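The following block contains the structure, expressed as structure tokens.
Each value in this text was obtained by applying a stated rule to the coordinates, not by laboratory testing. The model shown is predicted, which means the values in this text are computed figures rather than measured ones. Here the Cβ positions follow ideal geometry from the backbone for every residue, glycine too, while neighbour counts run over all protein chains shown.
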Amino acid sequence: MSLKVKEIEEEALRLPSHERALLAERLIHSLDEEDPEADKLWIVEAERRYRAYKEGKVKTKSAELVFKEARSKFK
């Protein structure tokens, strides 16, 4: 890590938590450059998964059950 990055990190860590959260969100968003090829691949994958679901090739759970299981892990 360069000295400049280290200095920026140290300064950022002195910010209040809500400002750090906003900064983190903006930095992460800056990495989300659109990639048309990746978008196409995700569409193909989503369609493949949907077909598998419609053909009964995958095991499913209701949203209610998924949320119930998730909540139980946080108790």
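Sort out which residues of region 36-57 are more than 22 Å from the chain's Cα centre (by Cα) and surrounded by 10 or more Cβ atoms within 10 Å (Cβ to Cβ), and write them in order of number.
To start, the set of residues in region 36-57 that are more than 22 Å from the chain's Cα centre (by Cα) comprises 51-57.
Across region 36-57, the qualifying residues are R51, A52, Y53.
Okay, next question. When you check E7 against the structure, is it acidic (D, E) and surrounded by 10 or more Cβ atoms within 10 Å (Cβ to Cβ), yes or no? Talk me through it step by step, then tell me what you get.
Values: acidic (D, E): yes; surrounded by 10 or more Cβ atoms within 10 Å (Cβ to Cβ): yes.
So E7 passes the test.
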